[in-house]
Amino acid sequence: MEKSRFIALARKFNAVLFEENGLLSGALPLVVAGHTVGLVRAELLPLVRAASMFHVTEGAVTLDPALETPEARSAAMAELLQRWRTQENLVALRGWRNECYDVRASFSSAPLLKMERSATCVFGIRQYGVDLNGYTHHPERGFCVWIQRRSLEKPTWPGKLDNMVSGGLTSGLGLLEAVQKEAWEEAGIPEHLLPGIRSAGAVSLSLRPLSCGSATTTRVSPCPARRPGGRTDAPLWPLCARICYRSERGLFANTEFVYDLELPADFTPQPQDGEVDEYRLMPVQELMELVCSPEFKTTSAPVTLDFLIRHGFITPNNEPRFLEICELLHVPLASAYSTGRLISGLQAIHG
């Protein structure tokens with residue numbers, strides 16, 4: 001079978017599908033009000049058993065049914081997470097965001113509870129986000145895509161290349177509200193351009209990246225092109241691969257709602273909120289190289305591959321593993337979570 005850099009990338013952002021024991025050996029589904037909403041890893045079960053709000057059996061971790069309302073569940077979870085934040089050494093909680101995330105049985109259902117966003121991966125909660133691809137037809141460089149360089153101050157994936165705009169769904173915001181909010185906050189997209197945003201579907205991934213302290217780092221020689229704005233006095237952009245699969249941070253089962261926006265050739269995105277260091281206008285051929293490199297944020301790569309497929313740059317004619325890549329961009333997370341078959345429902349894929 002022919003080798004493909006893109007299929008190798010797709011396996012990285014859906015790594016758990018290629019493990020011998022299905023999703024996570026020894027892990028248990030997290031059940032809230034009769035619905036499977038997450039997955040608790042085996043190494044966290046002692047900590048969870050010690051929390052009175054959970055009932056742990058051989059088959060599941062169940063939130064105490066006495067917590068009958070979303071408000072009661074949210075309050076209990078907030079108290080527990082604050083205690084864990086101060087008393088337990090959980091890597092995920094070091095990136096505390098003071099931002100609530102709605103935990104649901106399915107995307108369109110009412111929230112069962114809210115929890116601190118940084119803790120969602122601890123419980124393997126299915127997460128949702130929005131990504132906005134910005135592109136333009138440059139008069140000299142042809143079809144180009146705007147790519148951001150994440151701030152070095154970001155708690156996750158600092159300094160990595162990323163899609164033009166991306167963000168998680170904050171509690172209380174709808175999809176279009178969320179993508180418009182992020183478009184201004186990250187890229188300074190003015191209001192008169194927002195009506196051009198077009199829904200382009202969704203992609204899914206299930207990844208267990210290495211924690212920041214365990215990343216494998218690739219050292220490079222100093223080069224002004226790898227410094228913010230090309231400055232020689234700025235720190236080097238870190239190049240590190242965080243795609244080994246044992247993680248202290250948890251399981252990332254993400255669905256990203258994808259949007260496209262064609263921008264005027266003379267428009268340049270401007271960072272607004274400090275989460276982006278710079279924007280680069282990138283020809284497609286350069287992007288196709290960089291998306292497979294350690295410089296690019298692994299969990300954003302599905303959105304980029306999907307964009308390249310939809311716009312006809314990755315096709316069955318130039319990609320020998322085209323169908324497999326398409327399948328790995330749309331992992332059936334909704335079915336896996338809604339049926340509760342998180343352990344045996346998805347078995348390891350070989351080849």
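Listing for the model above:
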item	result
Apportionment of accessible area to carbon and sulfur, the range 1-157, percent (1.4 Å)	49 percent
For the range 288-295, 3J(HN,Hα) per residue [Karplus equation, 6.51 cos²θ - 1.76 cosθ + 1.60, θ = phi - 60°, Hz, x = Gly/Pro]	5, 7, 6, 4, 8, 8, x, 6
Full-extension gain in nm, GLU79 to HIS137, via 0.36 nm per residue minus C-alpha separation	15.8 nm
Inter-probe distance in nm under a simple model that places probes 7 Å from Cα toward Cβ, at ALA66 and SER106	3.2 nm
Whole-Hz couplings from phi, Karplus 6.51/-1.76/1.60, listed for the range 297-305; x for Gly and Pro	4, 4, 6, 9, 4, x, 5, 5, 4
Pairs beyond 22 Å (Cα-Cα), from LYS12/LYS114; LYS154/LYS181; LYS114/LYS297; LYS3/LYS160	LYS12/LYS114; LYS114/LYS297; LYS3/LYS160
Cα-projected label distance for GLU153 with GLN270, points at 7 Å along beta-carbon direction, nm	1.9 nm
Long-range amide H partners of GLU278 with built H, under 5 Å	ARG149
For VAL40, residues with placed amide H under 5 Å, excluding near neighbours	LEU28, LEU30
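The values are calculated or read from the model by the stated rules, or taken from the named source; none is laboratory data. Keep in mind that this is a model prediction, so the values were computed, not measured. Reconstructed Cβ throughout: ideal geometry from the backbone, glycine too, with neighbour counts over all protein chains shown. All accessible areas refer to the heavy atoms of the entire protein, side chains included, with ligands and DNA or RNA removed. Shrake-Rupley method; radii C 1.70, N 1.55, O 1.52, S 1.80 Å.
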